[in-house]
Amino acid sequence: MSLIKANSCNFKPIAPMNINVSAKRWLRLLCRSAILLRSGFKTPSCVPPPADPRTQPEVLKPLLMVNDMHHNFPDGLQLRNSKPTDHARSINVLKDWWDGRDLTWMLPKLFLNHFTNTSFVIEKDGELIAFLIGFLSPAKPKEGYIHFAGVHPDYRGVGKGKLLYQRFFEICKENQRDTIRACTSPVNKGSIEFHKMIGFAITKGNAEVDGYQVTLDYNKPGDPKVLFEIRI
């Protein structure tokens, strides 16, 4: 007769027990076995225990896609995802929308080649009314960044910019991003007040311009920026 070791995944027989073992010892062994069985004892398994989810890396949900999803408004405006073909029309309105400032260097086409699923435009009868270009930070897994946003001067103050920001916030929430950052020039007082109005805080910089905290040389030398942050 052979017994089986219960402490190994490769069960191997061991030598037969001495047939002269006393009846009392056999009885004790049987009693112990019965107690173990009643207590739910199980032999070790070769299958590893399930992984503790608290120690596993975070798996993000698939990126919320709203491509080809159009949102209609009572005044005939439509919100949709940006497309690479929107680049030319976007840079063509920059001077008019930013009081003559030439900001085309800040808007290379690569943003509309790679971040169309997190960037949006609002149109009316094919005319560009507003746009936002943002992305989910690859280096900071809890953050989203709004790189550029603008609204046609005739449509400001009626919620179009806020709508674009809310759409981007939805994308961030769906992808476990709880911090959104943005920036603007200290000369753009309207942008500063807009960000403050919708809940952004100005982060501490390394200088002050016109009473605002700014970070000097943000994108290039001589380019101070007011930096914003909001938790959602």
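The values are calculated or read from the model by the stated rules, or taken from the named source; none is laboratory data. Quantities reported herein were computed from a predicted structural model and do not represent experimental measurements. Please note: Cβ atoms are built from the backbone with ideal geometry, for glycine as well, and neighbour counts cover all protein chains shown.
The rows are residues; the columns are (1) touching a residue at least 60 places away in the same chain (Cβ under 8 Å); (2) over 24 Å from the mean Cα position of the chain (by Cα); (3) part of a strand (DSSP E or B).
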residue: Gly199; (1), (2), (3): no, no, no
residue: Gly205; (1), (2), (3): no, yes, no
residue: Lys220; (1), (2), (3): no, yes, no
residue: Phe228; (1), (2), (3): no, no, yes
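Which one of these is within 28 Å of Arg231 (Cα to Cα) and touching a His at 6+ places or on another chain (Cβ under 9 Å): Ile146, Ile129?
Criteria check complete, one pass: Ile129.
Can you pull out every residue in the range 207-218 that is in contact with a strand residue (DSSP E or B) (Cβ under 6 Å, 6 or more places away or on another chain) and either part of a helix (DSSP H, G or I) or loosely packed, with under 14 Cβ neighbours inside 10 Å (or both)?
First pass over the range 207-218, keeping only residues in contact with a strand residue (DSSP E or B) (Cβ under 6 Å, 6 or more places away or on another chain): 207, 212-216, 218.
Within the range 207-218, Ala207, Leu216 meet the criteria.
Looking at Phe200, Phe168, which one is surrounded by 13 or more Cβ atoms within 10 Å (Cβ to Cβ), closer than 20 Å to Leu107 by Cα, touching a strand residue (DSSP E or B) at 6+ places or on another chain (Cβ under 6 Å) and not polar (S, T, N, Q)?
On inspection, the qualifying residue turns out to be Phe168.
Just give me the residues in the range 152-197 being among the hydrophobic types (A, V, I, L, M, F, W, C), within 24 Å of the chain's Cα centre (by Cα) and more than 25 Å from Tyr218 (Cα to Cα), in sequence order. Before the answer, list the steps.
Step one: filter the range 152-197 for residues among the hydrophobic types (A, V, I, L, M, F, W, C), giving 158, 163-164, 168-169, 171-172, 180, 182-183, 187, 192, 194, 197.
Subsequent filtering for residues that are within 24 Å of the chain's Cα centre (by Cα) retains 163-164, 168-169, 171-172, 180, 182-183, 194, 197.
Passing the criteria: Leu163, Ile171.
Mind telling me which of the residues Asn113, Asn117 ends up being in contact (Cβ under 8 Å) with a residue 24 or more places away in the chain, surrounded by 13 or more Cβ atoms within 10 Å (Cβ to Cβ) and more than 20 Å from Phe200 (Cβ to Cβ)? Break it down stepwise before answering.
Numbers: Asn113 fails: surrounded by 13 or more Cβ atoms within 10 Å (Cβ to Cβ).
The unique qualifying residue is Asn117.
Using the structure shown, decide if Phe135 is in contact with a Phe, Trp or Tyr (Cβ under 7 Å, 6 or more places away or on another chain), surrounded by 15 or more Cβ atoms within 10 Å (Cβ to Cβ) and over 24 Å from Gly190 (Cα atoms). Even if it seems obvious, please write down each step before you answer.
Numbers: in contact with a Phe, Trp or Tyr (Cβ under 7 Å, 6 or more places away or on another chain): yes; surrounded by 15 or more Cβ atoms within 10 Å (Cβ to Cβ): yes; over 24 Å from Gly190 (Cα atoms): no.
Taking the combined requirement at face value, the residue does not satisfy it.
Would you check which residues across the range 178-215 are within 20 Å of Phe135 (Cβ to Cβ) and in contact with a Leu (Cβ under 6 Å, 6 or more places away or on another chain) and list them?
Result: Cys183, Thr203, Thr215.
Looking for something out of contact with any Cys (no Cβ under 9 Å at 6 or more places or on another chain), in a loop (DSSP other than H, G, I, E, B) and of a type in the set (Gly, Ala, Ser) - is there at least one such residue anywhere in the range 108-122? It would help to see each step written out before you state the result.
Step one: filter the range 108-122 for residues out of contact with any Cys (no Cβ under 9 Å at 6 or more places or on another chain), giving 108-117, 119-122.
With in a loop (DSSP other than H, G, I, E, B) added as a condition, the list becomes 108-109, 115.
From what is left, the residues that are of a type in the set (Gly, Ala, Ser) are none.
So far as the range 108-122 goes, no, none of its residues is out of contact with any Cys (no Cβ under 9 Å at 6 or more places or on another chain), in a loop (DSSP other than H, G, I, E, B) and of a type in the set (Gly, Ala, Ser).
Out of (1) among the acidic types (Asp, Glu); (2) over 23 Å from Asp223 (Cα atoms); (3) in contact with a helix residue (DSSP H, G or I) (Cβ under 8 Å, 6 or more places away or on another chain), what's the single condition that is false for Glu123?
(3) is the only condition that Glu123 fails.
Taking Leu79 as the residue in question, decide whether it is outside the structural domain of Tyr145 (by TED's automatic domain parsing), surrounded by 11 or more Cβ atoms within 10 Å (Cβ to Cβ) and either at pLDDT 50 or above or not aromatic (Phe, Trp, Tyr) (or both). Break it down into steps so the answer makes sense when it comes.
Numbers: outside the structural domain of Tyr145 (by TED's automatic domain parsing): no; surrounded by 11 or more Cβ atoms within 10 Å (Cβ to Cβ): yes; either at pLDDT 50 or above or not aromatic (Phe, Trp, Tyr) (or both): yes.
Considered against the rule, which asks whether it is outside the structural domain of Tyr145 (by TED's automatic domain parsing), surrounded by 11 or more Cβ atoms within 10 Å (Cβ to Cβ) and either at pLDDT 50 or above or not aromatic (Phe, Trp, Tyr) (or both), Leu79 comes out as no.
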